[in-house]
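Taking it in order: structure first as structure tokens, then the write-up.
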Amino acid sequence: MGERSAVVEGVRAYGLIAGMWVRAGMTYRASFVATLVGNLVMTGMDFVGILLMFSQVDSLGGWSLPEVALLYGLSVTSFGIADLLLGSMDVLGARMRDGSFDTLLVRPVPVLAQVGADRFALRRLGRVVQGSVVLGWALVAVEADWSVSKVLLVPVMVLSGAAIFSAVFVAGAAFQIFAQDAAEVQNAFTYGGTTLLQYPPSVFGKDLVRGATFVLPLAFVNWVPAAHILGRPYPVGLPSWAAFVSPLVAVVCCALAALAWRVGLRSYRSTGS
């Protein structure tokens, strides 16, 4: 019961802090619109690169443009949601160095909610919008034998992927507590992870695909369930039911990330220690 009330309190605190930053950001609406559009354009350059690539080739690793666009849309949309909610966690190391993290510890509010909602920026919606547009086009253009289960699998992939990326953000923040200055390491797994998933697994070495499947299970964001939708072989020979375990993988990742966060907080000894 206490655990449940702590979660509810954390969500409530997150909403209040995020709302404060949204109101602050909307004070200058023209600036907000400009940064939102700029963010949308900048994130869209990745897909422009893919389009330029396909202007020279018919397939990439045996995957057509609509199929790669499906991977791209799923990865970017899922990551965009996680980045919108928890993208500020990569500055935790800077907070510990300047001592401001200590002030969060003495407030009667869950620390994770404070760090996650810190400097909440609606401009990050640009990534979600851009990824959703590409995903919508890919779902129409891709050649797939659609069924009810495959249609329902699409939103499950997006939400599960967002949860998996969120877990990576939290775990990365926990690592920063130990390392003090590891924002770039965290970004390698968050921003680097979404870039990896934008391309088919067939263009990467088997060891890398195994690592993205069994070590840091980013493959369950899109590679595995998308293979089921497209009727393609699963990465590293996974069984057929693996396409439907993304929600379970997300739950396990979130549980492990929460554990890592607790361990990190308990080990923290304040600035200068």
**Asked** Applying the Karplus parametrisation 6.51 cos²θ - 1.76 cosθ + 1.60 with θ = phi - 60° to the phi angles of the range 46-61, what ³J(HN,Hα) value in whole Hz is obtained for each residue in order, glycine and proline being reported as x?
**Response** 4, 6, 4, x, 5, 4, 5, 4, 6, 6, 10, 9, 8, 8, 10, x
**Asked** Ranked by Cβ crowding within 10 angstrom, fewest neighbours first, how are R12, R269 ordered?
**Response** R269, R12
**Principal axes of the range 1-76: Cα extent on each, largest first, Å** = 55, 41, 11
**Asked** From the backbone phi of the range 158-164, what are the Karplus-calculated ³J(HN,Hα) couplings (6.51 cos²θ - 1.76 cosθ + 1.60, θ = phi - 60°) in whole Hz, Gly and Pro given as x?
**Response** 4, 5, 5, x, 4, 5, 5
**Potential lengthening between R269 and A141 on full extension [0.36 nm per residue; Cα-Cα distance subtracted]** = 40.7 nm
**Request:** Take the alpha carbon atoms of the range 183-206, find their center, do the same for the range 1-59, and report the distance between the two centers in whole angstrom.
**Result:** 19
**Dipole axis of the chain (+1 Lys, Arg; -1 Asp, Glu on Cβ), positive-most option in G44, V252, A173** = A173
**FRET efficiency, 1/(1 + (r/R0)^6) with R0 45 Å, evaluated for L208 and E9 via beta carbons** = 0.65
**Fill in**
Footprinting proxy, Y191, Y14, Y234, Y72: sorted fewest to most Cβ within 10 Å, the residues are Y191, Y234, Y14, Y72
**Item:** Equivalent ellipsoid dimensions for the chain as semi-axes, Å, which come from the Cα gyration tensor, largest first
**Value:** 33, 22, 17
**Per-selection metrics, the range 155-258 (Cα): Rg and Dmax in Å** = 13.7, 45
**Fill in**
Note, the range 251-265: 3J(HN,Hα) by Karplus (6.51, -1.76, 1.60, θ = phi - 60°), whole Hz, Gly/Pro = x, goes 4, 5, 4, 5, 5, 5, 5, 5, 5, 4, 5, 5, 5, x, 4
**Item:** Cα→Cβ-extended label distance, 7 Å offset, between A188 and L256, nm
**Value:** 1.8
**Request:** Mind pulling the per residue volume of the convex hull built on the Cα atoms of the range 1-144? Å³ is fine.
**Result:** 166
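FYI, it's all coordinate maths here, none of it is from the lab. Here the structure is a predicted model, which is why all the values come from computation and not from measurement. So basically every Cβ, Gly included, is an ideal-geometry build from the backbone, and we count neighbours across all protein chains shown.
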